[in-house]
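K.L.:
Take a look at the following structure, please.
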Amino acid sequence: EAGATNRRFVEIGSGLSGGNSACLATELGWTGLMVDGDPVRMTQVRRRFPGVTATAAWVTRENINELIMDAGLSGEVDFFSLDLDGNDYWVWEAMTACSPRVVVIEYNSAFGGDRAVTIPYDPKFNRRDYRFCYYGASLAALAKLSEKKGYRLVTCEPNGVNAYFLRDDVAPSIPACTPEA
C-alpha cells in the first residue's frame, strides 16, 4: 500500500547477506547503498549485488549523512534499513541526508516495550565487547524518536527484532500502533 517511487534503498548494517534490502536488489532490481564495517564482507557484497554501492565503513552519527550523500542517495528513498547492533538510535537521530518512505530498524526487545531506553552514544561501540543483551534501543525509544522525525510505528515482525515505520505522509490508511501493542 505504501508503494514505491524511485526504487532506491539505504541498508546500514547489511552484513554479508545484504540485510533487509537483499531481495529488493536481487529480485526487484532496486538500486541503493549497502554499508557494513567489515571490508572483506563488502568485497563479497559487491560481487553478490552488482549495481549496488557496497561501502565498508564503521557507521556513526558523525558519518551517516556523508555516506548516504557520497552514494548519491540524498533526497527521497523508498526504503531505509538500520541494523548496527549498537548505536542504531543515535544514527537514526542524526540521519537527515535522505527521506525514506519506509524505515526498518532493529530494536532490543530485552529492554521491554514500555520504557524508552538506549545505550549511551559511543562511536566505537562494538556489541562483541559487551554482554549479550546490552546493545541498541528499546522499541519505545525508537518510536518516540521516529515520531519526532515524522514517522509512525506500524508493526514489528513476530520475533521481536525489527520495527517498521512509515513516514507520516505515506499510506495514511495504515494506522500507527504503540510499542506496548
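K.L.:
Could you point to the residue in 142, 37, 163 farthest towards the positive end of the stretch 37-181's charge dipole, with +1 and -1 charges on the Cβ of Lys/Arg and Asp/Glu respectively?
P.N.:
37
K.L.:
Quantify how much of the Cα-Cα distance distribution of the stretch 31-105 extends past 15 Å, in percent.
P.N.:
Working: 1496 of 2775 pairs.
Distances greater than 15 Å cover 54 percent of the Cα pairs.
K.L.:
Where the centre of each part is set by its Cα atoms, how far does the stretch 58-83 sit from the stretch 3-37, in angstrom?
P.N.:
So the separation of the two Cα centres works out to 12 Å.
K.L.:
Also: Taking 2.2 N^0.38 Å as the expected size of a compact globular protein, what ratio does the Cα radius of gyration of the chain give against it, to two decimals?
P.N.:
Working: Rg = 15.3 Å, N = 181, 2.2 N^0.38 = 15.9 Å.
Compared with the compact-globule rule of thumb, the chain sits at 0.97.
K.L.:
Please give the contour-minus-distance gain from residue 96 to residue 6: 0.36 nm per residue of separation, less the Cα-Cα distance, rounded to one decimal in nm.
P.N.:
Working: separation 90, 0.36 × 90 = 32.40 nm, distance 1.83 nm.
Between residue 96 and residue 6, full extension yields 30.6 nm more.
K.L.:
While we're looking at this one, here's another question. Once Lys and Arg get +1 and Asp and Glu get -1 on their Cβ, which of 116, 56, 177 lies farthest toward the positive end of the dipole of the chain?
P.N.:
Of the listed residues, the answer is 56.
K.L.:
Same structure, new question: Report the charge-dipole magnitude of the chain in Debye, nearest 20, computed about the Cα centre from +1 at each Lys and Arg Cβ and -1 at each Asp and Glu Cβ. Kindly include the intermediate steps, with their values, before the conclusion.
P.N.:
On the way: 18 positive and 23 negative charges, 51 e Å.
It comes to approximately 240 debye.
K.L.:
Still on this structure, I have one more. Considering all projection directions equally, how large on average is the shadow of the alpha-carbon convex hull of the stretch 76-181, in square nanometres?
P.N.:
Values: hull surface 26.2 nm².
For the stretch 76-181, averaging the hull's shadow over all directions gives 6.5 nm².
K.L.:
Between the DSSP loop rule and a limit of at most 15 other Cβ atoms within 10 Å, which GluC sites (Glu not before Pro) in the stretch 62-94 are left?
P.N.:
Numbers: sites: 62, 66, 76, 93; in loops: 62.
Sparse-neighbourhood loop GluC sites (Glu not before Pro): 62.
Where a number appears in this text, it was derived from the coordinates with a stated rule and is not lab data. Treat the numbers as computed from the prediction; the structure is a model and nothing was measured. We place every Cβ from the backbone using ideal geometry, glycine too, and count neighbours over all the protein chains shown.
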